[in-house]
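To start, the structure under review is shown below, and the notes come after it.
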Amino acid sequence: MGVEMVPGSHVLGMWFVFDHQEKDWMCTVSQKERGEPWVMDYRFRYYVDDKVHGSEDKKNFYRMQFKVDTPKAVMIEAAKAMQHLLLTTGFGDDTFDLLIDSRDPKVIMAKQKTCPFLHMVEIKSAEDAEEAGYTDIAAEWRKTGKCPLGETG
């Protein structure tokens with residue numbers, strides 16, 4: 001599973017570390033609803049094939065929760081500190097930072113599209129969700145007959 005964009009979520013930014021051959025790390029800081037805690041979701045990916053979606057790559061996902069009143073600058077610094085730690089320990093040799101700071105899905109998607117290495121999947125049906133590996137979304141869609149993520153634009 002990748003980073004899910006839920007309507008109404010505020011995405012502060014995304015941070016990446018690459019070695020361009022065997023592995024990468026991706027981190028997103030976001031808040032689902034106003035007043036809820038901000039979370040830092042990050043994952044390590046270890047490549048086993050050259051597929052972007054539907055791959056057998058090994059992925060480990062983690063989540064850290066911030067206090068509701070944590071300043072944005074502190075959360076950004078936390079993400080950059082993890083990124084720096086991975087660089088200094090040899091996990092990768094290249095980084096990319098994408099500051100977004102928006103709740104507007106169109107702004108979020110437009111900024112994400114500026115990353116040539118970020119491969120997004122537009123899900124228009126339960127079949128698309130299933131094919132992209134989002135089995136829980138596909139199951140809910142089939143059960144209710146509508147997209148569980150809502151309308152984003």
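FYI, it's all coordinate maths here, none of it is from the lab. Quantities reported herein were computed from a predicted structural model and do not represent experimental measurements. Ideal geometry is used to build each Cβ from the backbone, glycine not excepted, and the neighbour counts take in all protein chains shown.
Scanning the chain for DSSP H helices at least 18 Å long along the axis (C-alpha atoms) with a Kyte-Doolittle mean no lower than -1.0 picks out 72-88. Ordering Thr144, Thr28 from the fewest to the most neighbouring beta carbons within 10 Å gives Thr144, Thr28. Largest GNM mean-square fluctuation among Asp49, Asp97, Asp24, using the chain with Cα springs under 10 Å: Asp49.
Taking K and R as +1 and D and E as -1, what net charge do the other residues with C-beta under 13 Å from the C-beta of Tyr62 add up to?
Here the charged neighbours net out to +3.
Of the residues His10, His84, the one with the fewest other Cβ atoms within 10 Å heads the list, and the complete ranking is His84, His10. Among Pro37, Pro116, Pro71, the largest mean-square fluctuation in a Gaussian network model of the chain, built with springs joining Cα atoms closer than 10 Å, belongs to Pro116. Checking [x] 114; [y] 340; [z] 96 against volume of the Cα convex hull per residue in Å³ calculated from these atoms, the matching label is [x]. Which of these, Val68, Val39, Val11, has the largest mean-square fluctuation under a Gaussian network model of the chain (Cα springs below 10 Å)? Looking only at Val68, Val39, Val11, the largest GNM fluctuation is found for Val68. Note: relative contact order over the chain, using C-alpha pairs below 8 Å and six or more positions apart, is 26 percent. Counted by neighbouring Cβ atoms within 10 Å, the residues Leu86, Leu99 run from fewest to most as Leu99, Leu86.
The separation of segment 66-131 from segment 11-40, counted between C-alpha centres, amounts to 4 Å.
Pairs from the list Lys23/Lys58; Lys51/Lys106; Lys23/Lys59 with a Cα-Cα gap above 19 Å: Lys51/Lys106.
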